[in-house]
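*Asks:* Pasting a structure below so you can have a look.
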Amino acid sequence: MSLFQLRGKQIYRIILELGKIRIPLYLLGLAFFYRIYFDIVSNSDFNVFVALGLSLILLIIQLKRDDIDFLSSVLSNHRLYLFTEYLLFSLPFSFIFLLHKEFLMFAGIIGFSGLLTFIKKPQTNTPSIFNRLIDIIPDESFEWKSGIRQSLFLIIPIYIAAIIGSYQMPVIPVAILILWLITFSFVEKGEPLSHLIALELSPKEYLIHKMGKQVILFNCMVAPLALIYIVLHYNEWFLIIGILSVQCFLNIYIVIVKYAFYTPNEESKAAQTMSGLGVISLIIPFFIPVVIGLSIKYYFQSIQNLTTYLHDFDTRT
């Protein structure tokens, strides 16, 4: 119960960081999202994909957790605690399956939540062939080096599955979206101050540099899949171009948000929450104009925040 109380306090602090103005906007967006989600689940043709998507999100959360060893040392049954967390997290989504009498899907999600508690991040050395690929990433993009190395166990199966199922039109676009969700976490934590000042760039130059690297590295990562899609589904080439264009914008957005709330060596819950709005805009296009407006607002906030640390390299001063 103490741990759940801590979770409640964390959620409360995140809500406070959002501010009174943004909270109604989030509530409206969540209500709109839930309405669309309800309609999607009502269509039995998409139920399997929704359940698999929810299960994948739970799997990524489990594999990204760094507190498993801690929980196992302080709780007599840490798996019961983890299962309860995942159950509470997924219940608002899995409950809709009950309303539509999709009992098998509901039971599958609950059962998968239980199986998750036995899964841990594999502690294996990166194969040398992948080390060579990781070495191609510029040293200044240390977030990507670390992120790719830690997420290979997710990226490789997704890549293989996308290639195998590439003859089906939706497979590669969905795989690219999932890969973006994985890389989304690469830039969550603020780098050490020494990394920030090492390039000796002004605040504006540093921000543009990081945005460009984020866009280029992601596009290089998914370029083979995009080319396969265009070759196999050339009549629908515009779909993959549209997805990549939106994700280029969202990659820029998450970098802007990161540095708007940047503090050395820390993760900002406000930045994570506002970046999450970009994820929601992939599902609810209604939010894209909101994200565009926030990008402009946070761009100037990022410059101002970075000036605190990079003022020695700012030619305007």
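The values are calculated or read from the model by the stated rules, or taken from the named source; none is laboratory data. This is a predicted model, so every value here is computed, not measured. Quick reminder, even Gly has a Cβ in these numbers, built from the backbone with ideal geometry, and neighbours come from all protein chains shown. Just so you know, the surface numbers come from the protein's heavy atoms only, side chains and all, with ligands and any DNA or RNA stripped out. Shrake-Rupley method; radii C 1.70, N 1.55, O 1.52, S 1.80 Å.
*Asks:* For Ile240, are the conditions met, namely being open to solvent by less than 20 Å² (accessible area, probe 1.4 Å), touching a Pro at 6+ places or on another chain (Cβ under 9 Å) and either at pLDDT 85 or above or of a type in the set (A, V, I, L, M, F, W, C) (or both)?
*Replies:* In short, yes.
*Asks:* I need the helices (runs of 4 or more DSSP H) fully contained in region 106-200, keeping only those with at least 1 residues that are surrounded by 14 or more Cβ atoms within 10 Å (Cβ to Cβ), at pLDDT 80 or above and among the hydroxyl-bearing types (Ser, Thr, Tyr).
*Replies:* 142-164, 171-184
*Asks:* So, one more: Cβ-Cβ below 7 Å, separation at least six or inter-chain, first residue in region 235-255 and more than 14 Å from Ile208 (Cα to Cα), second β-branched (Val, Ile, Thr) and in a helix (DSSP H, G or I): which pairs?
*Replies:* Trp237/Ile230; Ile240/Ile230; Ile243/Ile176
*Asks:* Is region 275-287 home to any residue that is buried (at least 18 other Cβ atoms within 10 Å of the Cβ), at pLDDT 80 or above, out of contact with any Leu (no Cβ under 8 Å at 6 or more places or on another chain) and in a helix (DSSP H, G or I)?
*Replies:* No, region 275-287 contains no residue that is buried (at least 18 other Cβ atoms within 10 Å of the Cβ), at pLDDT 80 or above, out of contact with any Leu (no Cβ under 8 Å at 6 or more places or on another chain) and in a helix (DSSP H, G or I).
*Asks:* Checking the conditions here, which among Ile137, Ile68, Ile119 is more than 30 Å from Glu236 (Cβ to Cβ), touching a residue at least 12 places away in the same chain (Cβ under 8 Å), out of contact with any Lys or Arg (no Cβ under 7 Å at 6 or more places or on another chain) and of a type in the set (Val, Ile, Thr)?
*Replies:* After applying the criteria, what remains is Ile119.
*Asks:* Let me ask another. Test Ala271 against the criterion of being touching a residue at least 60 places away in the same chain (Cβ under 8 Å), open to solvent by less than 40 Å² (accessible area, probe 1.4 Å) and out of contact with any Ser or Thr (no Cβ under 8 Å at 6 or more places or on another chain), and give yes or no.
*Replies:* Yes.
*Asks:* Continuing with the same structure: Which residue, of Ile256, Ile216, is surrounded by fewer than 17 Cβ atoms within 10 Å (Cβ to Cβ) and in a helix (DSSP H, G or I)?
*Replies:* Being surrounded by fewer than 17 Cβ atoms within 10 Å (Cβ to Cβ) and in a helix (DSSP H, G or I) holds for just one of Ile256, Ile216, which is Ile216.
*Asks:* Within region 243-253, identify whether any single residue is outside any loop (DSSP other than H, G, I, E, B), β-branched (Val, Ile, Thr) and modelled with pLDDT of 90 or more, and answer yes or no.
*Replies:* yes
*Asks:* Could you tell me which residue of region 294-308 is farthest from the chain's Cα centre (by Cα), considering only residues that are open to solvent by 40 Å² or more (accessible area, probe 1.4 Å) and either modelled with pLDDT under 85 or among the β-branched types (Val, Ile, Thr) (or both)?
*Replies:* So the residue we want is Thr308.
*Asks:* Identify all residues within region 53-77 that are more than 17 Å from the chain's Cα centre (by Cα) and either among the aromatic types (Phe, Trp, Tyr) or closer than 25 Å to Met105 by Cβ (or both); write none if there are none.
*Replies:* Phe70 - this is the single residue of region 53-77 that is more than 17 Å from the chain's Cα centre (by Cα) and either among the aromatic types (Phe, Trp, Tyr) or closer than 25 Å to Met105 by Cβ (or both).
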